[in-house]
Amino acid sequence: MAFDVAAIRGWFPALGDGWIHLDAPAGMQVPEQVATAVSTALRAPVSGPGGVFPASQRAEAIVDAARRAIADLVGCDPAGVVLGPNPAVLLQRVAEAVGAGWVIGDELVVSRLDHQQNIAPWLGVAQRAGATTRWAEIDIETCELPAWQYEGLINHRTKVVAVTAASGVVGTRPDLNKITALAREAGALVVVDASSAAPFVPMDIKAMGADVVAVNASAWGGPTVGALAFADPGLIERLPACSLSPNQSGPGRLELGPHAYPLLAGLVASVDYLASLDDAATGTRRERIQTSIGSAKSYQAGMLGKLISELRGLLHVTVIGDAMRRIPALAFTVAEVKASTAIVHLADRGVCAFADDVPSGVFAALGVAEVGGAVRVGLAHYTTSVEIDALVEAVAALTSIS
């Protein structure tokens, strides 16, 4: 493995601002090659698809390249890649399409661990159809999402199982294989939100057992573009279309309006960036992506372990959860200190972090709002041990005055 964090940091102009960016759950900073790809596409003549002139053909080439890039990332057929502005919008579209034929008595399974973008759309269509919603709960001690509970949640009436590949809040990675196996046995559609997982875990849609996987390019330093990957491209043809063109076929059936071509060019560059994280990676882009993200995963596991160990060594600091499998994201509380106060203290010391102090989502299930909320941080490909030391030092200073 050849994961060189110093070299990787050199690709990110934004890191020269002097701040310690532990705000990766909101999206990583953008590498130079992605910004260059977007600006180059903005300067080049690009028109709408369907023409025989170069500007139109360039637009078609960009869209095709974007589908192939996501296919290489997720391990699917490019014909099964739907592109759009972000996962929230795309999951809303697929929920409305899938739920169009639901009736009273049908059932849906969602989880407390998921981001609202993979919960709210499904709850909406279930409510309109009179379908029943069943919830998979979080273990409040470990923040695991126990797979065994799905045995009692999934049955022959279950139409969809929506679950996250990883929580961007507490880092937990559920056992997707067990969950999706139960769903397949019942004939339910599995929709996996991999928005938080994709930058840190090698993706394989077939190995995951998912029917649909959602990803978010901004999570790994790409532009604000999302995508849905379908394991079976034929499923798209069987769903009601939302396209403005009545004769649209393929993934375009779930794409609304014209594409943002410069951003799609940046999407391609961002996937190429993922493939280059390990400079010793060889083979096809798909193979290089798998190797590179695997190398990054190993590096970040060490960084996350260091961070968790040092935070737990501080008095009055509680790291939330203790999941066995996780991405490099975590939340913690400081006794007698509100999260909103803590992040101001961290910002004064040059550390970017977020506060969750409202009773919603994962923290609602954990009751964290009752103790003043939690501080959320997340590591990126460019995070160093020096930055982790700076965070721990800042938190230690906070505990001394709390």
Practice task
State yes or no: is residue 243 part of a loop (DSSP other than H, G, I, E, B), open to solvent by less than 40 Å² (accessible area, probe 1.4 Å) and not hydrophobic (A, V, I, L, M, F, W, C)?
Solution key: yes
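Is it the case that the stretch 39-56 has a residue that's polar (S, T, N, Q) and either assigned to a loop (DSSP other than H, G, I, E, B) or closer than 24 Å to residue 204 by Cα (or both)? Show your work before the answer.
Of the residues in the stretch 39-56, the ones polar (S, T, N, Q) are 39-40, 47, 56.
Still in the list and also either assigned to a loop (DSSP other than H, G, I, E, B) or closer than 24 Å to residue 204 by Cα (or both): 47.
The answer is yes; a qualifying residue exists.
Filter the stretch 292-334 for residues that are of a type in the set (D, E, K, R) and either open to solvent by less than 40 Å² (accessible area, probe 1.4 Å) or not in a loop (DSSP other than H, G, I, E, B) (or both) and give the result. Outline the logic, then answer.
The initial filter retains those residues of the stretch 292-334 that are of a type in the set (D, E, K, R), namely 297, 306, 310, 312, 322, 325-326.
Across the stretch 292-334, the qualifying residues are 297, 306, 310, 312, 326.
Criterion first (farther than 25 Å from residue 167 by Cβ, hydrophobic (A, V, I, L, M, F, W, C) and loosely packed, with under 15 Cβ neighbours inside 10 Å) does residue 41 satisfy it?
Numbers: farther than 25 Å from residue 167 by Cβ: yes; hydrophobic (A, V, I, L, M, F, W, C): yes; loosely packed, with under 15 Cβ neighbours inside 10 Å: no.
It is false that residue 41 is farther than 25 Å from residue 167 by Cβ, hydrophobic (A, V, I, L, M, F, W, C) and loosely packed, with under 15 Cβ neighbours inside 10 Å.
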Exercise for the section: Could you list, in sequence order, all residues of the stretch 264-285 that are in a helix (DSSP H, G or I) and open to solvent by 50 Å² or more (accessible area, probe 1.4 Å)? Expected result: 272
Exercise for the section: Inspect all residues belonging to the stretch 169-185 and state whether any of them is open to solvent by 10 Å² or more (accessible area, probe 1.4 Å) and at pLDDT below 95. Expected result: yes
Exercise for the section: Report yes if some residue within the stretch 161-184 is outside any loop (DSSP other than H, G, I, E, B) and without any contact (Cβ under 8 Å) to a residue 24 or more places away in the chain; otherwise report no. Expected result: no
Handout entry: Restricting the stretch 204-235 to residues that are in contact (Cβ under 8 Å) with a residue 40 or more places away in the chain and among the acidic types (Asp, Glu), the residue that is farthest from residue 23 (Cα to Cα)
Key = 232
Handout entry: Count of residues meeting criterion [modelled with pLDDT under 95, in a loop (DSSP other than H, G, I, E, B) and open to solvent by less than 40 Å² (accessible area, probe 1.4 Å)] in the stretch 1-36
Key = 2
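The values are calculated or read from the model by the stated rules, or taken from the named source; none is laboratory data. Here the structure is a predicted model, which is why all the values come from computation and not from measurement. Positions of Cβ are generated from backbone atoms using ideal geometry, with glycine treated the same way; all protein chains shown enter the neighbour counts. Ligands, DNA and RNA are stripped out before the accessible areas are found, and what is left, the full protein with its side chains, is counted by its heavy atoms. Shrake-Rupley method; radii C 1.70, N 1.55, O 1.52, S 1.80 Å.
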